[in-house]
Ligand SMILES: [Zn+2]
């Protein structure tokens, strides 16, 4: 197992999609692309590329690209296995902070990033 190191701005990318409206218990989709993130997102917008994204498109749920990481499929699987996507999602974190001003101090966006 050799770690893959990609140049910043291109190469394998793991991405986190945040659904504007939760679908059943799902509020995020974590995906992976070898390099063409825009093309991949366009596929998802058309309901292609992933079963969950097809269902989301079908349900007419809007979504936002919340963040990306340089990383391979291994990283994607790792993130999916860890769960807790909302803790990695800047959109959810902003919403949580807005909802709870009293706890808005030490927990920064940098957490969990390596
Ligand atoms: Zn989110």
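Per-structure values
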item	result
Verdict on residue 102 being at pLDDT below 95, part of a loop (DSSP other than H, G, I, E, B) and loosely packed, with under 11 Cβ neighbours inside 10 Å	no
Filter result for residue 110 (away from the ligand (no atom under 16 Å from the Cβ), out of contact with any helix residue (DSSP H, G or I) (no Cβ under 7 Å at 6 or more places or on another chain), modelled with pLDDT of 95 or more and in a loop (DSSP other than H, G, I, E, B))	no
Enumeration of residues in the range 49-86 that are modelled with pLDDT of 95 or more, assigned to a helix (DSSP H, G or I) and touching a helix residue (DSSP H, G or I) at 6+ places or on another chain (Cβ under 6 Å)	53
Close pairs from the range 21-39: first touching a residue at least 24 places away in the same chain (Cβ under 8 Å) and farther than 17 Å from residue 84 by Cβ, partner within 15 Å of the ligand (Cβ to nearest atom) and not in a strand (DSSP E or B), Cβ under 7 Å, at least 6 apart	21/61; 23/56; 23/61
Qualifying positions in the range 22-48 - under 16 Å from residue 64 (Cβ atoms), touching a helix residue (DSSP H, G or I) at 6+ places or on another chain (Cβ under 9 Å) and part of a strand (DSSP E or B)	23, 26, 27, 28, 29, 30, 31
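The values are calculated or read from the model by the stated rules, or taken from the named source; none is laboratory data. Since we're looking at a predicted model, the values are computed, not measured. All Cβ positions, even for glycine, are placed from backbone atoms using ideal geometry, and neighbour counts span all protein chains on display.
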